[in-house]
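Visitor: Submitted below is the structure of interest, expressed as structure tokens.
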């Protein structure tokens, strides 16, 4: 908006609306005053590693970043376009392996991270088109199964094609990004989580900006039209196959992008890390829990699930065991509740997925449009189903 | 030739298990157009229920004369309990969402799959659990090759259940109600059919057949684990799609065909075992792309 610059000079400083006049990228469409908390959050995220001296915290945050990126990408497919993709891990694997093969000692090819980041993203998007083009004409739930099948095929191919991918052992010694030396830092990413943190923060900021604009564009509105009524959308002149294909390919490219980052940060790529249980379901849970179609919700969902997985499920058993042994009740100690909690990963995910869809289908932070759609569908008919007819 | 017969027997036996699971997928899809994602795990639960009954009856140490009646009790109890589990899942997780957007029940189905898997993981642990084989040993010599009696019995049980099911759907009053509900739910309701009960019965039968499949799986492989349902379920779903989803005969044929394909891919190609799943899932994708109606399916209009 043009007025922003002049408004900055003329308005009284200090009020919330004054500060809100800064157009924080990515949230431009949200009300101005509401942007203020996000501005603070952004600043906090930039400062946080400088204040917090514990580098393991930065590392955790940098890892959480690629999950957020995955969730944002899947949200385009599931949340905006309403296509259930159960093989999201496949594109993540393709991005990781594309990078790992071309930037490691595997074939002694060492192409720069900055070249391969867009390249492997493109490869993942191409696979998205390759899978989507023939199958997106099918009914929605068939797509779920096709993607599930694809998600099973890809890691198996990587596991079996040992000469190229290193088989079960994967590829160890993946290259890490380099930058020209600045400010006394030699530019090597190495195993230092700090540069990765800022890299993923920058990527996330850019992605949020892009997706937000995309959602409000002609394409984004077409996605939502298809999600709500595909036949009606087609009748208004939307090319449903191309539009769905774009959503699918964009989602895949985010997954490939995240895969490249993941491979370079982790230093290793193994086929086991791309299974249905390890990635596809986890990301789906993040999107559903947060609120399909709502970016803030999805980011929150990703953070919550990541926290549950990497912290709560690991720490909680110790606390429980500590508590039961402190109480010194023989019966409780023998029961070993802590062990059960630690192993309840599957159960928790299942309950979140089913429970959210049944009790609060709009997720933690609802998308206004999606909420109406989901609630309207569930209440009025279901009630008559439960009471009547019998 | 000997090897061929051996692989064929393996394929048919394995295929019988896939076919029994595929029937549940195809029936549920036929009647409410839902891919019951939890069905693979219902199959695993059925297998474990059978194991529990075997343990309660101490059948693995029983005298030979008591094995046959014992096995019948095992099948009966596990099938009924598993059928009730299927009905409960439908009641809790799918019925409230029957008129919601199609994505919603599909996601709850994935959720229920994880709930079942999670419970099995907590109760039975992450490792393989050994399963007694109560099928008779010994084999019939055909000259060129010999076939195990256990294998023949498994195939016979599966085919008997399939025939019983298709007779049930084709000839009984409830079967007619099921077909009517599948064709047009609202019209069926107007004709006085109790839709909720009909759908519940469908889930009961599908889950009961999955339990039979689970017990047979246990007898045949002599081991079971909390997560076998994921892969088996996906393969069985492929079989259902391949045969034509919604079609009971198609699902049975699809199950056997997929079983034979897996057996031959792993038997005749160097290192084929690790590629057999890739082949099966490729068949799934190719079927959906080139012939989404499957071998025997009918065209379902997009609603």
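Bear in mind these aren't lab numbers, they're just calculated from the coordinates by the rules spelled out. This structure is a prediction, so every number in the text was calculated from the model and none was measured. Here Cβ is always computed from backbone atoms with ideal geometry, including for glycine, and neighbour counts include all displayed protein chains.
Visitor: For residue A:44 paired with residue A:183, estimate the spin-label separation in nm (one decimal), with each label point 7 Å from Cα along the Cα-to-Cβ line.
Guide: 2.2 nm
Visitor: What residues of region A:167-185 lie in the reach of a label at residue B:274, counting those whose backbone N is under 17 Å from a point 7 Å from the Cα along Cα→Cβ?
Guide: A:167-172
Visitor: State, to one decimal in nm², a quarter of the convex hull surface area for the C-alpha atoms of region B:95-186, i.e. the direction-averaged projected area.
Guide: Values: hull surface 45.0 nm².
Convex hull of Cα atoms, orientation-averaged projection: 11.3 nm².
Visitor: Report the equivalent ellipsoid semi-axes for region B:191-303 in whole Å, largest first, defined as the square roots of five times the eigenvalues of the gyration tensor built from alpha carbon atoms. Kindly include the intermediate steps, with their values, before the conclusion.
Guide: Numbers: eigenvalues 155, 87, 22 Å².
Taking √(5λ) for each Cα gyration eigenvalue gives 28, 21, 10 Å.
Visitor: Length gain on complete extension for the stretch residue A:360 to residue A:161, per 0.36 nm per residue less the alpha carbon to alpha carbon distance? Don't skip to the end; give the middle numbers.
Guide: Details: separation 199, 0.36 × 199 = 71.64 nm, distance 4.34 nm.
Additional length available on full extension: 67.3 nm.
Visitor: Quantify how strongly other chains surround peptide B:115-123 by giving the mean number of their Cβ atoms within 10 Å of each of its Cβ atoms. It would help to have the intermediate numbers written out before the result.
Guide: Values: counts 10, 3, 5, 9, 4, 2, 6, 7, 1.
Per residue, the number of nearby Cβ atoms from other chains is 5 on average.
Visitor: Hey, another quick one. Post the alpha-carbon centroid distance, region A:34-87 to region B:190-209, in whole angstrom.
Guide: With region A:34-87 and region B:190-209 each reduced to a Cα centre, they are spaced 45 Å.
Visitor: Sorted by packing (mean other beta-carbon atoms within 10 Å per residue), highest first, where do A:97-108, B:191-202, A:229-240 land? Intermediate values should be presented prior to the final figure.
Guide: On the way: A:97-108: 20.7, B:191-202: 18.2, A:229-240: 13.4.
Ranked by mean Cβ neighbours within 10 Å, highest first: A:97-108, B:191-202, A:229-240.
Visitor: If you take the square roots of the eigenvalues of the alpha-carbon gyration tensor of region A:34-382 and sort them as a ≥ b ≥ c, do you get rounded (a/c under 1.5), prolate (a/b over b/c) or oblate? Write down the numbers at each step before the final one.
Guide: On the way: a/c = 1.41, a/b = 1.08, b/c = 1.31.
Since a/c stays below 1.5, the shape of region A:34-382 is classed as rounded.
Visitor: Here's a follow-up. Suppose R0 equals 30 Å; then what is the FRET efficiency for residue B:159 and residue B:60 from their Cβ-Cβ distance, rounded to the nearest 0.05?
Guide: 0.65
Visitor: Report the Cα-based extents of region B:140-233 along its three principal axes, largest first, to the nearest Å.
Guide: For region B:140-233, the Cα extents along the three principal axes come out at 58, 34, 15 Å.
Visitor: Ranked highest first by the average count of other Cβ atoms within 10 Å around their residues, in what order do B:106-119, A:65-78, A:118-131, A:207-220 fall? Walk me through the numbers before you get to the answer.
Guide: Values: B:106-119: 25.3, A:65-78: 27.0, A:118-131: 21.1, A:207-220: 16.4.
Final packing ranking: A:65-78, B:106-119, A:118-131, A:207-220.
Visitor: Using the Cα atoms of the protein assembly as shown, I'd like the radius of gyration and the largest Cα-Cα distance, Dmax, both in angstrom.
Guide: When restricted to Cα atoms, the protein assembly as shown yields Rg and Dmax of 27.1, 100 Å.
Visitor: Which whole-number value in Å³ per residue fits the convex hull of the alpha carbons of region B:2-290?
Guide: Values: hull volume 40.1 nm³, N = 289.
In region B:2-290, the Cα hull volume divided by residue count equals 139 Å³.
Visitor: Could you tell me the center-to-center distance, by alpha carbons, between region A:203-279 and region A:114-191 in angstrom?
Guide: So the two Cα centres are separated by 15 Å.
Visitor: A follow-up question, please. Can you pull the mean other chain C-beta count within 10 Å for peptide A:98-109?
Guide: On the way: counts 0, 0, 0, 0, 0, 0, 0, 0, 0, 0, 0, 0.
Mean number of neighbouring Cβ atoms from other chains: 0.
Visitor: When you count, for each residue, the other Cβ atoms within 10 Å and take the mean per peptide, how do A:254-264, A:277-287 rank with the highest first?
Guide: Numbers: A:254-264: 29.2, A:277-287: 23.6.
Per-residue mean Cβ counts within 10 Å order the peptides as A:254-264, A:277-287.
Visitor: Set the Förster distance to 56 Å, then compute FRET efficiency between residue B:184 and residue B:4 from the Cβ-Cβ distance, nearest 0.05. Don't skip to the end; give the middle numbers.
Guide: On the way: r = 47 Å, r/R0 = 0.84.
Result of the calculation: an efficiency of 0.75.
Visitor: Please average, across the residues of B:187-194, the number of beta carbons from any other chain that are within 10 Å of each residue's own beta carbon, and give a whole number. Walk me through the numbers on the way to the answer.
Guide: Working: counts 0, 0, 3, 0, 0, 1, 1, 2.
That average works out to 1.
Visitor: Take the Cβ-Cβ distance between residue B:130 and residue B:282 as r, set R0 to 35 Å, and report the resulting FRET efficiency rounded to the nearest 0.05. Walk me through the intermediate numbers first.
Guide: Values: r = 33 Å, r/R0 = 0.94.
According to the calculation, E is roughly 0.60.
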